[in-house]
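Enquirer: Quick one: the structure is below, and I'll ask about it shortly.
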Amino acid sequence: MQPQTVPYLTEEEYLEFERNSDIRHEYFDGEIFAMSGGSEAHNLIVANVVITLGNQLKKKPCRVYPSDMRLKIDKTRLYTYPDVMIVCGERKFDDQYKDMLLNPDVIIEVLSDSTENYDRGKKFEHYQKIESLKEYVLIHQNIRKIERFLKTEHCRWIWDETDDEHIEITLESVGCTLNIDDVYDKIS
């Protein structure tokens, strides 16, 4: 993501700008970054994940949000749009607009060549500051592979992934599974 050529913006100026913008922007430390559109594969994967998890969570007090829901990370002041978020129980929003979530239980990002390093590195560092976050999932766009990071009670992160013998990832915090075949349905 490339920073826009604009002067330093306060958080309030960013939110006013963002709520009137036709495209989404990430905000951090006074700068805004235009979010690029996803490829067909990226969009299909996100749709498959939302459908799969939405169906499994129908009778549970959980909500699945696609990438149009903004996330604010209070501790680092990053405003971003994860590909998918899940919140169980009470939803906390930053203001009366209810367009800025504060407390996801699960965040899912679909990796692309241009975002993989950021999603694994700096963005994950920001996400780790969210007290409510229990699981972080990375789904590869170009290969059939899902990775999951699970936060332990001692705030350490345990990693696992799918492979030829293990084609499902269990999201323990919400009682759901992501199966490789469901996630990559209609992806060539």
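What follows is calculated from the coordinates using simple rules that are stated; it is not laboratory data. Worth saying up front: this structure is predicted, and the values here are computed from it rather than measured. Backbone-built Cβ (ideal geometry, glycine too); neighbour counts: all protein chains shown.
Enquirer: Which lysines, if any, have their Cα less than 27 Å from the Cα of residue 134, not counting same-chain residues under 8 positions apart?
Expert: 58, 59, 60, 72, 75, 92, 98, 122, 123, 145, 151
Enquirer: Choose one answer from 20, 55, 142: the residue with the largest mean-square fluctuation in a GNM of the chain with alpha-carbon springs under 10 Å.
Expert: Judging by the Gaussian network model, the answer is 20.
Enquirer: How much length is gained if the chain between residue 19 and residue 95 is pulled fully straight, taking 0.36 nm per residue apart and subtracting their Cα-Cα distance, in nm to one decimal?
Expert: Taking residue 19 through residue 95 to full extension adds about 26.1 nm, to one decimal.
Enquirer: Residue 47 to residue 185: extension gain in nm, 0.36 nm per residue of separation minus the Cα-Cα distance?
Expert: 48.7 nm
Enquirer: Another question, then. Ranked by Cβ crowding within 10 angstrom, fewest neighbours first, how are 149, 93 ordered?
Expert: 93, 149
Enquirer: Continuing with this model, one more query. Which whole-number percent is the relative contact order of the chain (Cα, under 8 Å, 6+ apart)?
Expert: It rounds to 17 percent for the chain.
Enquirer: Lone cysteines in the chain, going by a 4.7 Å Cβ-Cβ cut-off?
Expert: When partners are defined as cysteine Cβ atoms under 4.7 Å apart, the chain leaves 155, 176 without one.
Enquirer: Separate question: Which value at 222 nm does the chain reach when only helices count, each DSSP H run of 4 or more adding -39,500 (n - 2.57), with the total divided by all residues and rounded to the nearest 500 deg cm²/dmol?
Expert: -6000 deg cm²/dmol
Enquirer: If you take every residue apart from residue 30 with its C-beta less than 11 Å away from the C-beta of residue 30, what net charge results, scoring Lys and Arg +1 and Asp and Glu -1?
Expert: That sum, taken over residues with Cβ under 11 Å, equals -3.
Enquirer: In what sequence do 17, 28 fall when counting other Cβ within 10 Å, fewest first?
Expert: Placing the least packed residue first, the sequence is 17, 28.
Enquirer: Return the single residue from 128, 141, 96 with maximal mean-square fluctuation; model: Gaussian network over the chain, springs between Cα atoms under 10 Å.
Expert: Comparing 128, 141, 96 in the GNM, the peak value goes to 96.
Enquirer: Arrange the peptides 56-62, 132-138, 110-116 so that the one whose residues have, on average, the most other Cβ atoms within 10 Å appears first.
Expert: 132-138, 110-116, 56-62
Enquirer: How much length is gained if the chain between residue 34 and residue 160 is pulled fully straight, taking 0.36 nm per residue apart and subtracting their Cα-Cα distance, in nm to one decimal?
Expert: Working it through step by step, the gained length comes to 42.2 nm.
Enquirer: Of all alpha-carbon pairs in the chain, indicate the percentage at a distance above 20 angstrom.
Expert: Considering the chain, 54 percent of its Cα-Cα pairs are separated by more than 20 Å.
Enquirer: Another question, then. In the Gaussian network model of the chain, springs joining C-alpha atoms below 10 Å, which of 22, 119, 99 carries the largest mean-square fluctuation?
Expert: Among 22, 119, 99, the largest mean-square fluctuation in the Gaussian network model of the chain belongs to 22.
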